1. Which of (1) farther than 30 Å from Ala134 by Cβ; (2) without any contact (Cβ under 8 Å) to a residue 40 or more places away in the chain; (3) touching a helix residue (DSSP H, G or I) at 6+ places or on another chain (Cβ under 7 Å) is the odd one out, the single condition Gln312 does not satisfy?
2. Please determine, by comparing only the residues of the range 72-85 that are within 22 Å of Lys59 (Cβ to Cβ) and within 8 Å of ligand 2 (Cβ to nearest atom), which one is surrounded by the most Cβ atoms within 10 Å (Cβ to Cβ).
3. Hey, can you tell me all the residues within the range 347-359 that are under 27 Å from Phe194 (Cβ atoms) and either within 16 Å of ligand 1 (Cβ to nearest atom) or in contact with a Phe, Trp or Tyr (Cβ under 7 Å, 6 or more places away or on another chain) (or both)?
4. Tell me, yes or no, whether the range 192-204 has at least one residue that is in contact with a Ser or Thr (Cβ under 6 Å, 6 or more places away or on another chain) and either free of Cβ contacts under 8 Å to residues at least 60 places away in the same chain or closer than 13 Å to Glu154 by Cα (or both).
5. Identify, from the list Gly398, Gly360, the residue that is out of contact with any strand residue (DSSP E or B) (no Cβ under 8 Å at 6 or more places or on another chain) and at positive phi.
6. Could you please tell me which pairs satisfy a Cβ distance under 7 Å, a separation of 6+ or placement on different chains, a first residue in the range 10-37 that is at pLDDT below 95, and a second residue that is assigned to a helix (DSSP H, G or I) and surrounded by fewer than 19 Cβ atoms within 10 Å (Cβ to Cβ)?
7. Given the conditions (1) in contact (Cβ under 8 Å) with a residue 40 or more places away in the chain; (2) assigned to a helix (DSSP H, G or I); (3) surrounded by fewer than 23 Cβ atoms within 10 Å (Cβ to Cβ), and given that Leu321 satisfies all but one, which numbered condition is not satisfied?
8. How many residues are out of contact with any helix residue (DSSP H, G or I) (no Cβ under 7 Å at 6 or more places or on another chain) and either of a type outside the set (Gly, Ala, Ser) or outside any loop (DSSP other than H, G, I, E, B) (or both) if we restrict to the range 324-348?
Amino acid sequence: MQEKSISTANLEQCLKCNLCTLVCPMLAVNEQYPGPKKAGPDGERYRIKDPEYYDYALKYCLNCKRCEVACPSGVKIGDMIQTARIKYGSQSKIRGLHGLRDWTLASTDFVGGMTASPIAPVANAVLKTGVAKAVLHGTLGVDRHRTFPAYSSEKFENWFRKEALEAQAGFEKKVSFFHGCYANYNYPQLGKDFVKVVNAAGYGVELLEREKCCGIALMSNGFAAKAAKQGRINLESIRKAAGPVLTVSSSCTHMMREEYPEVLGLPNEDVKDRIMLLSRWLYPRLESGEVKLNFRKDFHMKVAYHTSCHMQRMGWQEFTLGILRKIPGLELTVLEPYCCGISGTFGFKKENYGYSQKIGELLFSEIREAKAKAGDSAPFVVATECETCKWQIEMSTGITVMNPVSIIAQALDSE
Ligand code: SF4
Ligand code: SF4
């Protein structure tokens, strides 16, 4: 399909109502940030005339898309800001060790491919030490307060081929699985839980012919060309897959559905509707009776659901909540959809760490209160589809965060 040049989107639709300004989490904590209206449609009018008007404070945009959710006129404010960052705030502005840091944080396939191996326990242990954190803080500018997600000794893809592939042949109906980097390199149990749930629903699982990182971290860190290259590979593989291509991460899903065409110029209309989170696919099938899941009678868990920013932008949280509500013994609280503040790799950078934590404080307080109210008659966890929200919430509150797919898998009656 013909690739589009990235455009200035729909700035003329702006009604100047300022609703986007009221919801921007970055504007609330950072007076250097111009806010969505000024950074988006207002700024775009100037940038079109002269790129010199580009404001480097746009680097503070979290790409959370809360402005787009609030906009009554459908202005793609977040996309417009991302596009401007790619067009005018080019990678050439990133120099020295911070450039190396940004490349390292963004190159999830490269770093994950090397680390998710038998060296993982050593790498994990080293990254936990105060010395390593101090060195990373002082040299690359990765904030010393951050905890790093642990790497797995075995990639999910390897486990799948060795342990699960053969059994999938027994299923007549199949779905494809875009597992994402987190499940592949850091937490293969999430991929295993996906396979368990899909198999329990009566479907087999296939991996894509070739999967690359969706590219969201590359795009956010100024490596748009590389993100687009990976996007082309993913779309090509998705085109070859028959049927739905299911995911477990809200950010990867949003990236492939919305940002591939709007920000990277990669057309996806022919496959977009087939790319969806597991819950978006599963819930309607449970409701229609096409799929039946048997849940354990002895399952007890108190779950506070956090709607990640990209989940909120897609408007799919009700599919996940609908499934969680079907699990006997699961007590559900739905948290206010505050931003957690990490925004992928943004909050890992020492110059952003303070903003990241300030933004997240509303959510962290709400979670602490929910846990205090929940008591200890059953395990309390936070559920969310975004792995970076998980890292941020766990680091900031000490409370366990699970992907809803893993909760569903744990609640299944395997007998
Ligand atoms: S995407 Fe988020 S951080 Fe960026 S302007 Fe919109 S609301 Fe603000
Ligand atoms: S919410 Fe939409 S219409 Fe209102 S100022 Fe922001 S971009 Fe313009």
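The values are calculated or read from the model by the stated rules, or taken from the named source; none is laboratory data. Model, not experiment: these values are computed from the prediction. Here the Cβ positions follow ideal geometry from the backbone for every residue, glycine too, while neighbour counts run over all protein chains shown.
1. (2)
2. Here the answer is Ile77.
3. Gly347, the sole residue that qualifies.
4. No, because not a single residue in the range 192-204 is in contact with a Ser or Thr (Cβ under 6 Å, 6 or more places away or on another chain) and either free of Cβ contacts under 8 Å to residues at least 60 places away in the same chain or closer than 13 Å to Glu154 by Cα (or both).
5. Among Gly398, Gly360, only Gly398 is out of contact with any strand residue (DSSP E or B) (no Cβ under 8 Å at 6 or more places or on another chain) and at positive phi.
6. Hits for this filter: Leu11/Arg45.
7. All conditions are met except number (1).
8. 3
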